[in-house]
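Everything below concerns the one structure shown next.
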Amino acid sequence: GAADAQRAQSPGTPLARPGVAESGRPDGVFVSVGGGSLLAGVASVLKSTWPATKVIAVEPRSADLLSRSLMVGTRITDGGPAGEKAAEGVAVGQIGPEVFRICDALVDEVMLVDEREIAAAVRDVFLDTRAVLEPAGAVSVAGLKQYVARRPPAPSAPPPAFVA
């Protein structure tokens, strides 16, 4: 409904606009997915500004509600998070209808990461920056690391620019 549409626009939009204004066009943006509102807002801003930029959703394998919903073409409702998960901040029971519509239309890819990859991302960011990420925030970094490992750039190509 109206509240779902408002949530889909409000969280990501203010967060995405400063990044869009301050940087050149990235090749891809990796976004951690919980209920999808942040992803929907970020995707809306990015695709309206830079349509060629890939929007890549990243979910933990243990909380892959968006991925499963997109595979079947309709929203799936789970009972919510079950058991302990490293990234419990992104484990939700449902994705709103408007958020699903936006993600279905604008998200280029959904990646799944496991608990080990999330923990490694927390560790790597700490070792590089001395900042401690919450596991839910490290999900996007884990996705970025997986993406680059699976798709290394060609040696003669300029290095890609990604944001997580």
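The values are calculated or read from the model by the stated rules, or taken from the named source; none is laboratory data. Fair warning: this is a prediction, and the values are worked out from it, not measured in the lab. Here Cβ is always computed from backbone atoms with ideal geometry, including for glycine, and neighbour counts include all displayed protein chains. The area values use the complete protein model at the heavy-atom level, side chains included, leaving out ligands, DNA and RNA. Shrake-Rupley method; radii C 1.70, N 1.55, O 1.52, S 1.80 Å.
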Exercise for review: Within segment 118-164, count every residue that is open to solvent by 40 Å² or more (accessible area, probe 1.4 Å) and among the hydroxyl-bearing types (Ser, Thr, Tyr).
Suggested key: 2
Review point. Within segment 100-117, is there a residue that is in a loop (DSSP other than H, G, I, E, B), at pLDDT below 90 and open to solvent by 50 Å² or more (accessible area, probe 1.4 Å)?
Key: no
Check your understanding: What are the pairs, 6+ residues apart or on separate chains, where a residue within segment 69-98 that is within 23 Å of Leu133 (Cβ to Cβ) has its Cβ under 8 Å from a residue that is at pLDDT below 65?
Key -> Glu88/Pro81; Ala91/Gly80; Ala91/Pro81; Ala91/Lys85; Val92/Gly80; Val92/Pro81
Check your understanding: Under 6 Å by Cβ, and 6 or more places apart or on different chains, what pairs join a residue from segment 125-153 that is assigned to a helix (DSSP H, G or I) with one that is charged (D, E, K, R) and open to solvent by 80 Å² or more (accessible area, probe 1.4 Å)?
Key -> none
Check your understanding: Of the conditions (1) surrounded by 14 or more Cβ atoms within 10 Å (Cβ to Cβ); (2) modelled with pLDDT of 90 or more; (3) in a loop (DSSP other than H, G, I, E, B), Thr74 fails just one. Which one is it?
Key -> (1)
Point to revise | Selection from segment 44-66 of residues that are among the small types (Gly, Ala, Ser) and open to solvent by 10 Å² or more (accessible area, probe 1.4 Å) | key: Ser44, Ser48, Ala52, Ser62, Ala63
Review point. Right, Ser69: touching a strand residue (DSSP E or B) at 6+ places or on another chain (Cβ under 6 Å) and open to solvent by less than 60 Å² (accessible area, probe 1.4 Å) or not?
Key: no
